Amino acid sequence: MKVYSHERLERLAAERGMPAEYLHELRVVSSVLPFKVNQYVVDELVDWSAVPDDPIFRLTFPHRDMLPPDMFETLSALHLAAASPGVIRKAARAAHALLNPNPGAQVDANVPVHEGSPLAGVQHKYAETVLVFPSQGQTCHSYCGYCFRWSQFVGNADIRQAAGDVSRVVSYLAASPSVTDVLFTGGDPMIMSATVLDRWVTPLLAPELEHVRTIRFGTKALSYWPARFTTDQDADDMLRLFDRIVAGGRHVAVMAHFSHVRELEHPEVGEAIRRIRATGAVIRAQAPVIAHVNDRAEDWSAMWQRLVELGVVPYYMFVERDTGARNYFGVPLTRALQIYTDSVRGVSGLARSARGPVMSAAPGKVLIDAVTDIGGTEVFSLRLLQARDARQVGRQFFAHHDPAAEWFDDLRPALGSWWPR
Ligand code: SF4
C-alpha cells in the first residue's frame, strides 16, 4: 500500500497540478494536523477532474480553513521564514493544545482506574461498552481531515491513547460484569495484521469473559482499503478470526465508517462486504455530517440506499465533534437536522435505521429530535440515546433554538428544562 504524507503528499499535489499557493497551505496545515492518503484513495476515490471541490479530496486533503486564521498565519510565517523543523514542531504542539485534542472529557472522565492505576488506552463511558485502543492500531489506511481522533496521529505521547497490555484489559473486563460489548478502535484496528489483532481478541473469548457478547471493530478500511478483506496477504486470516468469534457464540459487529456514496462504488468494496458478511459478522455504517463532503440530503439517501442493497445496516449520522478542523467541517445543528430529515424522506423504511443527528457529547449521545414551538418559545427537542449515567438514558430535554449552534456546549436550557451533566 503506497501512502503519501508530508513532503510526498505535497509532491503528489504538485504532480496533480495544484497551484503553488495551495502547496504552501498544504505544508502549513499538515504541520499541525495529520494527513495521509493512500494510492487507492488517490486513484479510485478522488475525482481529480472535480478538485478542489470533490468531496473525497475535501475529506482527505488539507485546506487552510482547517486551522483558525490566527493559527494559520502564525504557522505560515514560520514556514515562509524557513524556520527549523524543531521550531515548527514546537509551534504545532502549542496549536494542538488549542484544538481541543480530547473532546468530550475522554481522558479525564472515561479512562477507568483498575487496581489503583488508570487503564491507559481504555475508555469506559457507558456501562455496557468498553473501548480499547491497541497500541499497534493507532493509525489508519488514510486520514480524514475531520477526524476527532486526530490527536492519536500527531506523535504527541502526552495526548495519545494507547493500550499496550491485553492482560490488564482482560483483568479489568473480568471485574466488570456489566460490559457486554468491547469496541476495538483507534486509529483503525484493521491496520493491524490478523496475527496481532488475534492477540488482542482471542483473550476476550475466554470463559471468564462470557459476559462479553459482542466484539466490535471500528474501521474505515472498507472505504480506504477494501483489499484488507479481499487480496491482502492475510485477508483470509482476518476473516477466519471473525469466523472463530462467531463460532464461539459471540457477535462480530463491524462499525464501518462511510462518509460518501462514492466510497461504495468500487467493485472491491462490494466484494469485501460480501466476504465479511459470509463470516456471520454484521456491518453497521456511521459517519458525521460534514461541510464540503456530505452536507447534502441526496448524498445520504443514496448512500443509505446503496448500503441496504449491499446488506449493511445504516446506524448513525453523527454531528462533527468540537475538535481539530471543526471550523471547516462543522454544520449547524439546525442544518444537520434538516439534512437528516430530508435524507430519511428519500429512502424506504429499511434505510431509516440510521439515527441522527447525534452528538457524542460529554454526558452521552444526544439526539436532536426536532425544532419545535412550545408556548411561543422555539426550542430544540433533544433526547439522550445513551448516557454516562444510565438512569438518564431516554430522557428528553429542551434547549433554546439557536440556528448558529454547532455543538452541545453552544446550547442553553429552555423552558426550565432538566439538563444532563
Ligand atoms: S478512519 Fe476514523 S480514526 Fe482514521 S482518520 Fe478517519 S475518522 Fe479518524
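Residue by residue through the stretch 10-36, note down the ones that are more than 16 Å from the ligand (Cβ to nearest atom) and of a type in the set (A, V, I, L, M).
Pass one, the stretch 10-36, residues more than 16 Å from the ligand (Cβ to nearest atom): 10-28, 31.
Those that are more than 16 Å from the ligand (Cβ to nearest atom) and of a type in the set (A, V, I, L, M): Leu12, Ala13, Ala14, Met18, Ala20, Leu23, Leu26, Val28.
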- Would you check if Leu98 is open to solvent by 40 Å² or more (accessible area, probe 1.4 Å), modelled with pLDDT under 95 and over 30 Å from Trp225 (Cβ atoms)? yes
- Item | Check on Leu173, without any contact (Cβ under 8 Å) to a residue 40 or more places away in the chain, part of a helix (DSSP H, G or I), touching a strand residue (DSSP E or B) at 6+ places or on another chain (Cβ under 8 Å) and under 12 Å from Val130 (Cβ atoms) | no
- Answer from Asp65, Asp70 - the residue that is open to solvent by 50 Å² or more (accessible area, probe 1.4 Å) and free of Cβ contacts under 8 Å to residues at least 12 places away in the same chain: Asp70
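From Asp198, Asp165, which residue is free of Cβ contacts under 8 Å to residues at least 12 places away in the same chain, within 29 Å of Gln233 (Cα to Cα) and more than 16 Å from the ligand (Cβ to nearest atom)? Reasoning before the result, please.
On the way: Asp198 fails: free of Cβ contacts under 8 Å to residues at least 12 places away in the same chain.
So the residue among Asp198, Asp165 that is free of Cβ contacts under 8 Å to residues at least 12 places away in the same chain, within 29 Å of Gln233 (Cα to Cα) and more than 16 Å from the ligand (Cβ to nearest atom) is Asp165.
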- Item | Extreme residue, surrounded by the most Cβ atoms within 10 Å (Cβ to Cβ), among residues of the stretch 10-24 that are in contact (Cβ under 8 Å) with a residue 12 or more places away in the chain and farther than 21 Å from Ser84 by Cβ | Ala13
- Scanning the stretch 151-162 for residues that are assigned to a loop (DSSP other than H, G, I, E, B) and in contact with a Phe, Trp or Tyr (Cβ under 8 Å, 6 or more places away or on another chain), which turns out nearest to the ligand (Cβ to nearest atom)? Phe153
- Whichever residue in the stretch 104-122 is under 18 Å from Asp322 (Cβ atoms) and away from the ligand (no atom under 16 Å from the Cβ) and, among such residues, is most open to solvent (accessible area, probe 1.4 Å): Asp108
- Index of the failed condition, Lys125 passing every other in (1) within 16 Å of the ligand (Cβ to nearest atom); (2) more than 17 Å from Ser31 (Cα to Cα); (3) open to solvent by less than 40 Å² (accessible area, probe 1.4 Å): (1)
- If Phe148 passes every condition in (1) closer than 28 Å to Leu385 by Cα; (2) within 16 Å of the ligand (Cβ to nearest atom); (3) open to solvent by 50 Å² or more (accessible area, probe 1.4 Å); (4) in a helix (DSSP H, G or I) but one, which one does it miss? (4)
- Task: Using the structure shown, decide if Gly121 is among the small types (Gly, Ala, Ser) and closer than 30 Å to Pro363 by Cβ.
- Result: yes
- Message: List pairs: first residue in the stretch 231-243 and charged (D, E, K, R), second residue surrounded by fewer than 17 Cβ atoms within 10 Å (Cβ to Cβ) anywhere in the structure, Cβ distance under 6 angstrom, at least six positions apart or on different chains.
- Response: Asp234/Ser193
- Filter the stretch 402-414 for residues that are surrounded by 15 or more Cβ atoms within 10 Å (Cβ to Cβ) and touching a helix residue (DSSP H, G or I) at 6+ places or on another chain (Cβ under 7 Å); the one that is nearest to Thr377 (Cα to Cα) is Asp402
- Just wondering, is there one or more residues in the stretch 213-223 that are within 16 Å of the ligand (Cβ to nearest atom), touching a residue at least 12 places away in the same chain (Cβ under 8 Å) and of a type in the set (Ser, Thr, Tyr)? yes
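The values are calculated or read from the model by the stated rules, or taken from the named source; none is laboratory data. None of these values were measured; they are calculated from a predicted model. Virtual Cβ from ideal backbone geometry, glycine too; neighbours counted across all protein chains shown. The accessibility values were calculated without ligands, DNA or RNA, using every heavy atom of the protein model including side chains. Shrake-Rupley method; radii C 1.70, N 1.55, O 1.52, S 1.80 Å.
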